[in-house]
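Take a look at the structure below.
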Amino acid sequence: MERLSVDPPRVHWSGPEIILKGGDRNAPSVADDPRFTLLPEHLCTALVHSGRQVTGAVVRDLATGAERTLVADTFVVACGSVLTPQLLWASGIRPDALGRYLCEQTMATCQVALSDDLASRLDDGPNVVEPNLWIPVAEGRPWHAQLHRGIFGYAAVPDGVDRRTVTDLVWFSTCDVRRENAVTFSDRVADPYGLPQPTFHFGANVADRARADDMVTDMAKAATALGKFLPGAEPAFLEAGFALHITGTTRMGADARESVVDPYAKVWGLDNLYLGGGGVIPAGVACNTTLTSMALAVRTAEAIAAG
């Protein structure tokens with residue numbers, strides 16, 4: 001799900017419904033197009049390939065267990081930054097960089113009760129808009145900041161506290177891209193769906209930790225300008241992976257030894273298999289990965305169409 005600012009200052013949230021309708025909630029859905037087939041509650045378990053061609057995708061109906069193989073001229077896999085490399089590994093498609101160069105954001109959050117001065121200026125009118133502020137990355141400040149009111153539920157507002165006076169602060173910092181940070185897959189242990197069990201190998205280096213400390217200092221400065229921390233909601237780091245902005249596991253690049261796909265997201269060594277999603281982003285980012293993923297997907301779609 002991604003934030004879409006359509007008519008500021010209001011913020012609209014978009015998801016698959018908006019994507020399938022081309023951004024217009026009142027438009028017919030792409031899913032209604034007879035050329036489009038959606039298979040709900042199906043899982044792709046393997047890609048069948050021979051030589052430089054993928055010849056089919058094996059899918060399982062999770063309701064009945066029945067399997068069938070879908071045939072196409074071109075295949076695009078966009079299962080997310082973990083499930084995409086998992087599917088490739090399960091299919092015996094294993095470029096050297098698969099799952100490597102995993103990068104994720106350091107994430108910190110806190111809650112602030114607004115100062116009496118700010119609280120006294122709150123609007124009680126029927127058209128009041130809850131705070132939803134984004135501060136982008138800037139030179140010398142490699143993190144982005146969000147201020148809002150309990151959108152993601154990182155922490156509940158205590159009983160007896162006026163919810164309007166509480167603001168959540170969430171800061172995201174990038175990490176350095178390193179080959180040893182990776183998701184690997186087992187050839188012996190399966191996950192609940194019968195696919196190779198993933199294991200994560202991720203750690204912060206000295207530069208990552210210094211950047212994170214600077215980020216929290218910045219967060220504390222912003223928080224104290226707004227009010228006081230709620231007890232128990234002082235600035236704290238969230239566990240690795242909480243941001244869900246993983247990049248690099250199927251990274252794009254110009255060298256097949258250090259990437260999984262070429263600059264147009266085509267898997268090295270295969271002529272008709274393309275990948276999408278945040279995993280193809282080769283760099284660490286300090287912002288949401290959705291727009292970058294969309295831009296790369298459009299680039300890939302244009303390359304496929306130009307065929």
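Hey, in the GNM for the chain with a 10 angstrom Cα cutoff, which one of Gly56, Gly253, Gly194 fluctuates hardest?
Gly194
Using a Gaussian network model of the chain with C-alpha springs under 10 Å, which one of Thr55, Thr199, Thr250 is most mobile by mean-square fluctuation?
In the Gaussian network model the winner is Thr199.
With only Lys, Arg, Asp and Glu charged, each at its Cβ (+1 for the first two, -1 for the last two), find how big the charge dipole of the chain is about the Cα centre; round to the nearest 20 debye. Intermediate values should be presented prior to the final figure.
Values: 26 positive and 36 negative charges, 107 e Å.
That gives a dipole near 520 debye.
Among Ala222, Ala182, Ala72, which one moves the most in a GNM of the chain with springs linking Cα atoms closer than 10 Å?
The residue that fluctuates most here is Ala72.
For the chain, take the convex hull of the Cα atoms, compute a quarter of its surface area, and give me that in nm², please. Numbers along the way, then the final one.
Details: hull surface 79.3 nm².
Computing the convex hull of the Cα atoms and averaging its projections yields 19.8 nm².
Residue by residue through the range 84-91, which ³J(HN,Hα) values in whole Hz follow from phi under the Karplus form 6.51 cos²θ - 1.76 cosθ + 1.60 (θ = phi - 60°), with glycine and proline marked x?
Taking θ as phi minus 60°, the curve returns 5, x, 4, 5, 5, 4, 4, 8 Hz for the range 84-91.
For the range 41-197, what percent of Cα pairs sit more than 27 Å apart? Walk me through the intermediate numbers first.
On the way: 6443 of 12246 pairs.
Roughly 53 percent, once rounded to a whole number.
Where the convex hull is taken over the Cα atoms of the range 191-307, what is its projected area averaged over directions, in nm²?
11.2
Three principal axis extents, largest first, for the C-alpha atoms of the range 22-61, in Å?
44, 24, 18
What's the longest uninterrupted piece of the chain once you rule out the chymotrypsin sites (Phe, Trp or Tyr not before Pro) that are loop residues per DSSP with at most 13 other Cβ within 10 Å? Numbers along the way, then the final one.
Details: sites that count: Phe36, Phe152, Tyr193.
It runs 37-151.
Just the accessible area per residue of the chain, please: how many Å² with a 1.4 Å probe?
For the chain, the per-residue accessible area is 55 Å².
Which log10 I(q)/I(0) values, to two decimals, does the range 153-246 give at q = 0.19 Å⁻¹ under the Debye formula with one point per Cα?
-0.98
The values are calculated or read from the model by the stated rules, or taken from the named source; none is laboratory data. No experiment lies behind these values; they were computed from the predicted model shown. Methodologically, a virtual Cβ is constructed for each residue, glycine included, from the backbone with ideal geometry; neighbour enumeration extends over all protein chains shown. All accessible areas refer to the heavy atoms of the entire protein, side chains included, with ligands and DNA or RNA removed. Shrake-Rupley method; radii C 1.70, N 1.55, O 1.52, S 1.80 Å.
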